[in-house]
Amino acid sequence: MWKNRDVISILDFSREDLEYLFEAADKIYEYLISSSVPRLLEGKVVSLAFFEPSTRTRLSFEVAAKRLGAITIGFSGEEGISVAKGESFADTIRMLDAYSDLIIVRHRYEGAALYAAEIAKVPVINAGDGKQHHPTQAMIDLYTVKRLYGHIDGLVYGVLGDLRYSRAASSFILALTRFSPEKLYLISPKLLRAREEVKMVLRQAGIVFEEVESLEEVIHELDVLYVVRIQRERFPDPQEYEKVKGSYRVTLSLLEKRAKPTLKILHPLPKVDEVEPRVDNSRFAAYFYQAKLGIPLRMALLALILRGEV
Amino acid sequence: MWKNRDVISILDFSREDLEYLFEAADKIYEYLISSSVPRLLEGKVVSLAFFEPSTRTRLSFEVAAKRLGAITIGFSGEEGISVAKGESFADTIRMLDAYSDLIIVRHRYEGAALYAAEIAKVPVINAGDGKQHHPTQAMIDLYTVKRLYGHIDGLVYGVLGDLRYSRAASSFILALTRFSPEKLYLISPKLLRAREEVKMVLRQAGIVFEEVESLEEVIHELDVLYVVRIQRERFPDPQEYEKVKGSYRVTLSLLEKRAKPTLKILHPLPKVDEVEPRVDNSRFAAYFYQAKLGIPLRMALLALILRGEV
Amino acid sequence: MWKNRDVISILDFSREDLEYLFEAADKIYEYLISSSVPRLLEGKVVSLAFFEPSTRTRLSFEVAAKRLGAITIGFSGEEGISVAKGESFADTIRMLDAYSDLIIVRHRYEGAALYAAEIAKVPVINAGDGKQHHPTQAMIDLYTVKRLYGHIDGLVYGVLGDLRYSRAASSFILALTRFSPEKLYLISPKLLRAREEVKMVLRQAGIVFEEVESLEEVIHELDVLYVVRIQRERFPDPQEYEKVKGSYRVTLSLLEKRAKPTLKILHPLPKVDEVEPRVDNSRFAAYFYQAKLGIPLRMALLALILRGEV
């Protein structure tokens with residue numbers, strides 16, 4: 001079911017796939033708590049091919065692989081950018097294919113991970129490419145909801161921020177189509193609305209959703225609020241960025257006045273200024289817990305792909 | 001005594017703490033000699049958060065952690081600098097707190113390690129911040145004296161160089177207050193004299209010290225000469241740097257003419273031109289031995305903090 | 001025979017040395033196939049001192065060391081360049097000597113690896129320095145021929161490309177003098193002909209060789225075609241580079257029309273445009289297999305040097 005599978009888009013995975021993954025992650029979670037993690041990936045080599053910088057996602061995958069006994073190699077940061085400029089992408093992937101058992105790719109261009117998967121004989125995991133796909137982030141996000149509420153169905157979700165260019169936001173929205181949310185609010189300035197192709201998938205899946213411009217209108221209804229930052233580097237036009245930056249902010253006073261006391265805020269991190277720092281220590285903030293869950297989830301993912309089981 | 005402890009300033013540690021640490025380092029030293037190092041930190045994750053570049057300190061910690069079976073993750077060099085520019089320092093520390101069992105921080109600003117320790121639930125080690133604190137370097141320095149002379153008390157020390165901006169020099173001077181040196185000479189050009197707050201700690205500890213401008217005057221009295229380079233990047237004003245650069249140099253001919261034959265020279269490295277290269281192969285040079293002792297000392301430190309024992 | 005040996009130039013090794021190495025690599029190859037690699041280098045620390053960027057060679061050595069249970073530390077990319085600018089090369093090597101059991105050096109200047117070997121007490125491996133020496137690449141190249149043909153003697157070789165500045169090409173040509181090729185064609189534009197000192201070694205070894213300018217003339221005779229790219233950064237004069245870039249290209253149609261059906265093409269990679277991408281999937285291309293063989297060959301090398309046996 002999972003063995004040797006590529007992970008390119010969250011849409012490649014069924015509800016059953018994801019539930020199986022979450023159970024595996026629960027098992028790993030217990031191993032971590034009891035400091036008894038088996039070296040399931042002893043002798044395996046995992047390549048981290050980060051053609052675009054990302055400290056956070058890279059470190060999370062690195063811990064996940066190493067905690068299971070795998071070896072990691074790769075490049076990131078400036079080195080990743082210069083690799084991207086030099087020899088052909090295809091040859092770089094072929095090199096990693098020759099050296100390793102699995103390749104994790106991050107790239108600024110849409111489709112890079114899929115192309116890598118076509119070239120490589122070993123499985124490829126998309127750690128974020130282009131503006132739409134970041135499937136392992138979406139898996140972590142749903143897993144966090146699962147651990148917080150015990151279930152993903154039947155909740156009211158809000159996704160706030162740059163729904164146009166944020167791949168974390170798109171992937172999370174698409175991931176919800178595998179479950180049955182009560183309702184989904186897409187909350188953003190007009191310029192940053194979700195893309196038509198994303199909304200089409202929502203409609204096809206029969207998800208009840210609504211686009212609104214202000215968090216204030218809907219905050220009282222939400223069980224889960226997913227916030228993403230505005231990323232300057234995703235904007236083709238800097239002028240467009242200037243128009244929208246700082247256009248939304250989640251404050252503690254709003255939450256205390258209007259939100260359900262059980263509301264949980266998720267965020268793929270890093271945050272910039274879209275969430276007031278005072279929120280960090282409130283009961284609403286679930287994003288550091290979410291970051292922590294990235295480890296068992298990615299460990300489960302690597303183990304399922306490389307061994308077929310946990 | 002050591003379990004889960006933060007390491008922020010050398011002044012946080014008593015003579016007893018340090019002697020306990022040195023004994024643990026001796027034990028590790030024996031393990032290394034006999035190639036029988038136990039994997040005391042199997043399953044532990046150590047984060048290296050180097051917001052300021054430092055190849056040497058980073059590699060030393062990395063070897064120390066890995067030799068005990070720990071996993072290391074982190075960032076350094078250009079990547080560290082760009083992390084420092086991006087999201088909030090607090091959020092970066094929280095991410096590492098979620099991913100690891102201990103965080104080693106290096107930062108150009110004073111107080112960064114302490115702030116990290118306040119944020120993180122896991123222990124934090126200061127690998128150098130600002131102009132004053134580099135506690136693990138001071139531990140290595142004292143441990144080197146201990147291994148060379150069998151004791152730290154009763155010796156005549158000279159500290160030569162940029163006593164104003166070098167955190168290695170300040171930390172070493174402060175560390176001596178935990179012991180009973182016979183005498184301490186602070187040797188530097190006038191512009192680079194030790195800060196008043198450092199001298200106050202010396203006075204409170206009852207350390208007999210004297211400020212002099214020339215090594216020639218005192219070299220014949222010294223048992224230990226600690227040399228630091230002048231670091232351009234610590235100077236707020238480049239003009240000030242120009243005035244003092246190259247203002248002192250330890251030459252072999254001076255040592256052979258005037259120093260005790262048993263004098264040992266320590267240096268936190270890297271050297272630039274403050275020690276003549278010919279000194280490297282003389283009986284006076286102890287700085288490569290000192291670098292080597294960084295490994296068992298830091299191994300002992302990590303093991304004591306993460307396990308409470310060696 | 002191999003224990004504690006430095007690896008500076010391919011000319012330091014006899015035919016017997018190389019055959020012993022290839023047998024060790026065969027043994028490691030079997031371990032890799034059966035996923036039963038012994039941790040021969042448990043507790044050893046291998047330093048990667050890449051003063052010049054090289055993703056491919058670095059990753060290959062890193063996998064090799066880690067698959068045998070060694071710890072790796074080091075620097076590369078921008079960090080390596082800035083290390084090269086800072087403290088003296090000698091001090092950097094002394095630091096790594098204090099921290100590790102073996103040092104792998106890559107440097108843009110001829111002689112850097114030899115100098116490192118003179119300074120360090122631990123063995124040093126040259127991972128490429130200057131324009132002439134890249135001995136481990138030559139070992140991989142010969143080993144690839146050995147695995148493809150069962151023997152290295154008696155074949156007709158062509159080496160195509162920048163024979164003047166490519167250290168991979170020079171090292172391969174020099175390596176052939178340890179065996180008995182039937183004939184060797186040196187194929188290059190006039191400006192990029194092999195250096196006189198290389199040809200002198202060929203003559204002394206009694207290798208029958210001929211310099212030609214066009215692949216078309218000799219392609220039908222070849223059993224092995226070794227191709228190297230033109231590297232802009234090796235040219236002292238950019239004008240000279242402009243004159244020769246793109247001056248040769250191996251196309252599939254030429255191969256299909258004129259080459260022996262058994263011809264194998266080797267390339268140290270990365271490729272730029274000197275081999276048409278369509279060749280990659282043809283029966284002629286052996287370069288990805290060659291890259292893959294880099295792992296067992298380098299594993300064997302590390303094990304022989306650090307343990308004396310596999």
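A compact table of results
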quantity: Region A:34-43 - phi-based ³J(HN,Hα) in whole Hz, Karplus 6.51/-1.76/1.60, Gly and Pro as x; calculated: 8, 6, 9, 7, x, 7, 5, 10, 3, x
quantity: Shape of the protein assembly as shown, Cα gyration tensor, a/c cut at 1.5; calculated: oblate
quantity: Cross-link pairs beyond the 26 Å C-alpha cut-off, checked among B:Lys243/B:Lys264; B:Lys146/C:Lys66; C:Lys66/C:Lys199; B:Lys66/C:Lys121; C:Lys3/C:Lys146; calculated: B:Lys243/B:Lys264; B:Lys146/C:Lys66; C:Lys66/C:Lys199
quantity: Among A:Gly294, A:Gly74, A:Gly161, residue whose mean-square fluctuation peaks in a GNM of chain A (springs only between Cα atoms under 10 Å); calculated: A:Gly74
quantity: Exercise: per-residue mean of other protein chain Cβ atoms within 10 Å, C:87-94; calculated: 5
quantity: Loop-located chymotrypsin sites (Phe, Trp or Tyr not before Pro) in region B:49-155 whose Cβ has at most 14 other Cβ within 10 Å (DSSP); calculated: B:Tyr109
quantity: Amide H partners (placed H, <5 Å) of A:Val250, local residues excluded; calculated: A:Val275, A:Glu276
quantity: Cα centre as origin, Lys/Arg/Asp/Glu Cβ charges: region B:135-290 dipole, Debye; calculated: 280 debye
quantity: Chain C: relative contact order as a whole-number percent, Cα under 8 Å and 6+ apart; calculated: 21 percent
quantity: Accessible surface, per residue, of region A:135-290 when the full set of protein chains is kept, probe 1.4 Å, Å²; calculated: 40 Å²
quantity: Using alpha carbons only: equivalent-ellipsoid semi-axes of region A:135-290, gyration tensor based, whole Å; calculated: 21, 20, 14
quantity: Shielding of B:267-277 by partner chains, average beta-carbon count, 10 Å; calculated: 2
quantity: Nitroxide proxy distance, nm - points 7 Å out along Cα→Cβ at C:Ser282 and A:Leu32; calculated: 5.1 nm
quantity: Solvent-accessible area per residue for region B:9-56 (1.4 angstrom probe, square angstrom); calculated: 41 Å²
quantity: Inter-copy spacing of B:Glu240 label points, which lie 7 Å from Cα along Cα→Cβ, given in nm from shortest upward; calculated: 4.8, 4.8
quantity: Pseudo-label separations to other copies for B:Glu216 - Cα-to-Cβ vector, 7 Å, nm; calculated: 7.7, 7.7
quantity: Surrounding net charge for C:Leu176, when Lys and Arg each add one and Asp and Glu each subtract one, Cβ distance under 12 Å; calculated: 0
quantity: Residue of C:Lys66, C:Lys257, C:Lys131 that the Gaussian network model of chain C assigns the largest fluctuation, springs spanning Cα pairs under 10 Å; calculated: C:Lys257
quantity: Cα-centred dipole magnitude for chain A, charges only on beta-carbon of K, R (+1) and D, E (-1), debye, nearest 20; calculated: 460 debye
quantity: Gyration tensor (alpha-carbon) shape descriptor, region B:15-90, a/c threshold 1.5; calculated: prolate
quantity: Residue closest to axis [chain A; rotation mapping onto C; Cβ; Å]; calculated: A:Glu78, 3
quantity: Those residues of region B:98-118 for which accessible area with every protein chain present is at least 10 Å² below the isolated value (1.4 Å probe); calculated: B:Ala98, B:Tyr99
quantity: Long-range amide H partners of B:Ile104 with built H, under 5 Å; calculated: B:Ser47, B:Leu48, B:Ala49, B:Ile125
quantity: 10 Å Cβ neighbours from other chains, averaged over peptide A:289-296; calculated: 3
quantity: Nonlocal amide H pairs with C:Ala285, under 5 Å, H built at 1.01 Å; calculated: C:Ile265
quantity: Heavy atoms of A:His220: accessible area, 1.4 Å probe, square angstrom to 10; calculated: 90 Å²
quantity: Cβ charges +1 (Lys, Arg) and -1 (Asp, Glu), total dipole of region B:151-222, debye; calculated: 380 debye
quantity: Span-rule helices in chain B, defined as complete DSSP H runs reaching 20 Å or more along the axis (Cα) with Kyte mean at least -0.5; calculated: B:15-33, B:135-149, B:287-307
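The values are calculated or read from the model by the stated rules, or taken from the named source; none is laboratory data. Keep in mind that what you see is a predicted model, and the values were worked out from it rather than measured. Heads up, the Cβs are rebuilt from the backbone with ideal geometry, glycines too, and the neighbour counts pull from every protein chain shown. Please note that ligands, DNA and RNA were not included when accessible areas were found on the heavy atoms of the full protein model with its side chains. Shrake-Rupley method; radii C 1.70, N 1.55, O 1.52, S 1.80 Å.
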